[in-house]
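Only one structure is covered here, and it is reproduced in the block below.
The values are calculated or read from the model by the stated rules, or taken from the named source; none is laboratory data. From a predicted model like this one, the values you see are computed outputs, not experimental measurements. Here Cβ is always computed from backbone atoms with ideal geometry, including for glycine, and neighbour counts include all displayed protein chains. Quick note on the areas: whole protein, heavy atoms, side chains included, nothing else; ligands and nucleic acids left out. Shrake-Rupley method; radii C 1.70, N 1.55, O 1.52, S 1.80 Å.
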Amino acid sequence: MEQDRLGASLARIARIPFRAKFHLRPPEREYVASRGMDAVRRHARELIDTRLAPAHPVKDGRQTPWGGHPVFRAQHATATCCRTCLQINHGITRGHELSEREREHVVDLICRWIENECRAGPGPRPNPPPTLF
């Protein structure tokens, strides 16, 4: 059931033109290939715990770099980059520390997106269909 929910969330977010333009770059793909998804998942959890989970994160809205680590790219692609994006796109309200369940959900979204990117391989991707609303 959770896997279906993750897939549905990623499909919905991929229809947002701004989010759809994000893809792993070659160095980020190499990072995943050399370290593996277990390490990437650990890094994702550490980054979420320190940069996103606090009730009032330091530099909220500017705490996630645009690249340099696969988790950063994934955060922008999945709208898990700041508390405002979490609230707008995932219904996780601002102003409270993320619960364990919310943290796991965010990390699962990030890791699923990275896995999907790695399976898709490099190169151009078709644009998602336009949203009707």
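At a 1.4 Å probe, what is the % contribution of carbon and sulfur to the accessible area of the stretch 52-121?
Details: 1530 of 3090 Å².
Of the solvent-accessible surface of the stretch 52-121, carbon and sulfur hold 50 percent.
For the stretch 77-114 and the stretch 10-64, compute the distance between their C-alpha centroids and round to whole Å.
10
What spacing in nm lies between the two simple spin-label points modelled at residue 97 and residue 55, each 7 Å away from Cα in the Cβ direction?
Reported label-point gap for residue 97 and residue 55 is 0.9 nm.
Below 12 angstrom from the Cβ of residue 70, what's the summed charge of the other residues (Lys, Arg +1; Asp, Glu -1)?
On the way: positive: 25, 29, 35, 41, 73; negative: 28, 30, 115, 117.
Neighbourhood net charge equals +1.
Give the accessible surface of the chain per residue, rounded to a whole number of Å², with probe radius 1.4 Å and ligands, DNA and RNA excluded.
Numbers: 7580 Å² over 133 residues.
With the other protein chains kept in place, the chain gives 57 Å² per residue.
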